[in-house]
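Notes for the one structure printed next.
Derivation of every value follows stated rules applied to the coordinates shown; laboratory data play no part. Source: prediction; values computed, not measured. No Cβ is skipped: glycine too gets one built from the backbone with ideal geometry, and neighbour counts run over all protein chains shown.
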Amino acid sequence: MAYVSLREGEEPEVLLKRFQTQMQRSGILRELRNRRFFRSKGEQERLDRQRGIRRLRRRRTRS
């Protein structure tokens, strides 16, 4: 679980921004979205493969 503590003299907006960054890095929200509905193992593997292909295509066009 993401946890941040208030630093001395830190503004609440900065604390919130640090918390949001921590949540993104931990992957909690992504996992929550993935677990919202049940997916079979085969379906998840197919989606992961498609995501990887998309990522490779994006990297090829950018470089």
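You will find that of ARG60, ARG39, ARG7, ARG54, the residue that is in a loop (DSSP other than H, G, I, E, B) and surrounded by fewer than 12 Cβ atoms within 10 Å (Cβ to Cβ) is ARG7 and no other.
Look at segment 5-19: where a residue is without any contact (Cβ under 8 Å) to a residue 24 or more places away in the chain and a partner is assigned to a helix (DSSP H, G or I), sitting 6+ places away or on another chain with Cβ atoms under 8 Å, you get LEU6/LEU15; ARG7/LEU15. Could you check segment 12-36 and list, in sequence order, the residues that are surrounded by 11 or more Cβ atoms within 10 Å (Cβ to Cβ) and either touching a strand residue (DSSP E or B) at 6+ places or on another chain (Cβ under 8 Å) or among the basic types (Lys, Arg) (or both)? LYS17, ARG18, ARG30 - these are the residues of segment 12-36 that are surrounded by 11 or more Cβ atoms within 10 Å (Cβ to Cβ) and either touching a strand residue (DSSP E or B) at 6+ places or on another chain (Cβ under 8 Å) or among the basic types (Lys, Arg) (or both).
Considering ARG25, ARG33, ARG57, the condition of being among the basic types (Lys, Arg) and either touching a Leu at 6+ places or on another chain (Cβ under 9 Å) or farther than 22 Å from TYR3 by Cβ (or both) is satisfied by ARG57 alone.
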